[in-house]
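S.K.: Got a structure here, written out as structure tokens. Questions coming.
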Amino acid sequence: MKATGIVRRIDELGRIVIPKEIRRTLRIRETDPMEIFTDKEGEIVLKKYSPLGELAECAKEYSESLARTTGNVVCISDREQIIAMSGTVKKELVEKPVSDKLEQIMHDRENFMSDDNKRNYINISDEIENEYNSQIISPIICHGDVLGAVIMLSKDGKKQFGEQEKQMVMVASDFLGHHMES
């Protein structure tokens, strides 16, 4: 564990303020759910809670099915990182943080499809060099909250996604959102 040198006191209601610098670095926003863990040494660990993380196996199976059906790469993310990736031998994006632009698309709750020649293509994660030519992104919404996104990618420079692929990605995100509600 890394020490920050920051000390905070517990108030009369048992609350501790997480410093702004740490919240900004870890992308913790107001109202973000946090999980609380304790260990044998008496340490308390806070971790951002990801409802989609609980569905990681389901998300992986869904992404594999969609990738097999379409022949494209399919990723599923929560609001912080890519949790599943299928349709490619290497899983280079799994557990990589989502880019600020992807986070903004999720926040805007808009479906997104890149146009020809990568003019409006966005990197899914800033940690991996972009090697894809086409993409579709559809936010996963549950009880009015954005939980993540379903992303379809293609490396084929001659292939541009159309309405059919967009509808498939939208169905996937809608299915995962409704699955979280039950």
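The values are calculated or read from the model by the stated rules, or taken from the named source; none is laboratory data. Because the structure is predicted, anything quoted here is derived from the model rather than measured. Ideal geometry is used to build each Cβ from the backbone, glycine not excepted, and the neighbour counts take in all protein chains shown.
S.K.: Any residue in segment 94-113 that is outside the structural domain of Arg27 (by TED's automatic domain parsing) sitting within a Cβ distance under 8 Å of a residue that is assigned to a helix (DSSP H, G or I)? List the pairs, counting only those 6 or more apart or interchain.
M.R.: Taking only residues 6 or more apart or on different chains, the pairs are Val98/Met106; Asn111/Lys166; Asn111/Val169; Asn111/Met170; Phe112/Ile105; Met113/Lys166.
S.K.: Considering only residues that are at pLDDT below 85 and over 14 Å from Leu46 (Cβ atoms), which ones fall in segment 8-28?
M.R.: Arg24
S.K.: So which residues in segment 151-165 are in contact (Cβ under 8 Å) with a residue 12 or more places away in the chain and not in a strand (DSSP E or B), if there are any at all?
M.R.: Lys155, Asp156, Gly157, Lys159, Gln160, Phe161, Glu165
S.K.: Could you tell me which residue of segment 135-150 is nearest to Ser63 (Cα to Cα), considering only residues that are free of Cβ contacts under 8 Å to residues at least 60 places away in the same chain and surrounded by fewer than 22 Cβ atoms within 10 Å (Cβ to Cβ)?
M.R.: Ile141
S.K.: Of Ile124, Ile141, which residue is over 16 Å from Cys75 (Cβ atoms), within 14 Å of the chain's Cα centre (by Cα) and not in a helix (DSSP H, G or I)?
M.R.: It is Ile141.
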